[in-house]
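> Can you keep this structure in mind? I'll have questions shortly.
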Amino acid sequence: MRAATHNGSFHADDVFALAVLTLLHGDELEIVRTRDPELMAASDLRVDVGQRNDPATGDFDHHQRGGAGERPNGIRYASFGLVWRAFGERVCASAEIATRIDEVLVQGIDANDTGQTLTQSLIGQVSPFTVSHAVAALNPQWDDDDSPDAQREAFDAALAFAGGIVSREIHAAAAQLRAAELVRAAIGRAEDPRLVELDRGMPWHRELVPTAPEALFVVYPRDGGDWGLQAVPRVLGEFSNRKDLPERWAGRSDGELAEVTGVPDARFCHIGRFIAVAESRDGILALARQALADG
């Protein structure tokens with residue numbers, strides 16, 4: 001199978017689209033970077049070229065007049081989104097995981113390529129360094145070797161980079177779905193709805209924040225054998241908490257924190273007052289009770 005895309009500078013949307021096709025077809029897929037109409041016409045798939053969007057004919061472009069449509073939330077489709085819409089479920093073997101990947105990865109790349117602003121700098125010209133920036137940075141610079149071999153080497157490096165990200169995000173999304181079931185069970189068995197205890201560390205924010213409005217703190221065993229107490233954020237993706245840990249704990253550790261709290265094995269409280277650590281379950285539950293009673 002042959003997929004054609006444009007030569008010259010590559011971008012996140014075409015690189016990620018082709019990474020998805022590579023994950024799907026493996027070594028059977030040959031990628032041709034060209035603007036030659038005959039080579040494009042002879043290919044099985046055309047990505048980010050051809051000014052046509054029709055999965056039935058193997059065309060996945062969004063540069064045609066009127067674009068290639070948009071999602072219900074208004075984010076327009078670029079080539080990555082078009083390929084993902086057609087093949088994402090097959091790559092993930094799960095419609096639910098494919099939808100989640102579209103939300104956490106695909107839409108941001110599509111928006112960047114179609115000129116839709118998702119973030120606004122609050123501090124001068126400082127802005128997040130996104131995956132789209134990372135892919136762009138892999139292009140040869142203006143005064144680098146720009147021979148066809150050098151360009152192809154850079155493109156292949158970007159393709160491997162993107163494929164690794166897609167694979168890891170699929171793996172992470174599957175893990176999050178497995179965790180969601182355990183988080184729901186923990187919410188259900190909580191004696192005090194303000195405090196949810198997990199039996200191991202796992203991603204809990206996405207499930208707990210929208211479904212447990214009374215929850216203020218989560219406790220869980222950490223990989224190192226100690227225990228964590230973490231504040232529940234008000235909104236997913238934001239830093240403000242429904243209830244901060246006590247101000248007198250902030251930035252204290254070991255003996256100093258133990259003295260302030262009266263918990264002998266208290267070990268650490270972040271200056272941001274969103275996480276504290278104790279050596280034992282009894283210790284972390286003692287800290288949690290104090291945090292709930294504070295203020």
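The values are calculated or read from the model by the stated rules, or taken from the named source; none is laboratory data. Note that the structure is predicted; figures quoted are calculated from it, not measured. Note that we place each Cβ from the backbone using ideal geometry, even for glycine, and neighbour counts take in every protein chain shown.
> Give the residues of the stretch 57-113 that are among the β-branched types (Val, Ile, Thr) and under 16 Å from the mean Cα position of the chain (by Cα), sorted by residue number. Spell out how you get there, then give the answer.
Just the residues of the stretch 57-113 that are among the β-branched types (Val, Ile, Thr), to begin with: 57, 75, 83, 91, 97, 99, 101, 104, 106, 109.
Selection gives Ile97, Thr99, Ile101, Val104, Val106, Ile109.
> For the stretch 203-230, which positions are surrounded by fewer than 17 Cβ atoms within 10 Å (Cβ to Cβ) and either touching a residue at least 60 places away in the same chain (Cβ under 8 Å) or β-branched (Val, Ile, Thr) (or both)?
Across the stretch 203-230, the qualifying residue is only Thr211.
> Out of Asn139, Asn112, which single residue is part of a helix (DSSP H, G or I), in contact with a Ser or Thr (Cβ under 8 Å, 6 or more places away or on another chain) and not small (Gly, Ala, Ser)?
On the way: Asn139 fails: part of a helix (DSSP H, G or I).
Only one candidate qualifies: Asn112.
> Condition first: among the small types (Gly, Ala, Ser), in contact with a helix residue (DSSP H, G or I) (Cβ under 8 Å, 6 or more places away or on another chain), surrounded by 11 or more Cβ atoms within 10 Å (Cβ to Cβ) and in the same structural domain as Leu24 (by TED's automatic domain parsing). Now tell me which residues in the stretch 91-137 satisfy that. Outline the logic, then answer.
Our first condition is that a residue be among the small types (Gly, Ala, Ser); within the stretch 91-137, this holds for 93-95, 98, 108, 111, 115, 121, 124, 127, 132, 134, 136-137.
Now drop any that are not in contact with a helix residue (DSSP H, G or I) (Cβ under 8 Å, 6 or more places away or on another chain), which leaves 94-95, 98, 108, 132, 134, 136.
Okay, now just the ones that are also surrounded by 11 or more Cβ atoms within 10 Å (Cβ to Cβ), so 94, 98, 108, 132, 134, 136.
Scanning the stretch 91-137 gives Ser94, Ala98, Gly108.
> Then there is this: Determine which member of the set Arg33, Arg71 is surrounded by 13 or more Cβ atoms within 10 Å (Cβ to Cβ) and closer than 20 Å to Asn7 by Cβ. Don't jump to the end; show me each part of the working.
Values: Arg71 fails: closer than 20 Å to Asn7 by Cβ.
On inspection, the qualifying residue turns out to be Arg33.
> List the residue pairs whose Cβ atoms are under 7 Å apart, where the first residue sits in the stretch 104-125 and is touching a residue at least 60 places away in the same chain (Cβ under 8 Å), the second is among the β-branched types (Val, Ile, Thr), and the two are 6 or more positions apart or on different chains.
The qualifying pairs are Ile109/Val131; Asp110/Ile75; Asn112/Thr130.
> Within the stretch 231-285, count every residue that is surrounded by 13 or more Cβ atoms within 10 Å (Cβ to Cβ), of a type in the set (Lys, Arg) and within 19 Å of Leu208 (Cα to Cα).
2
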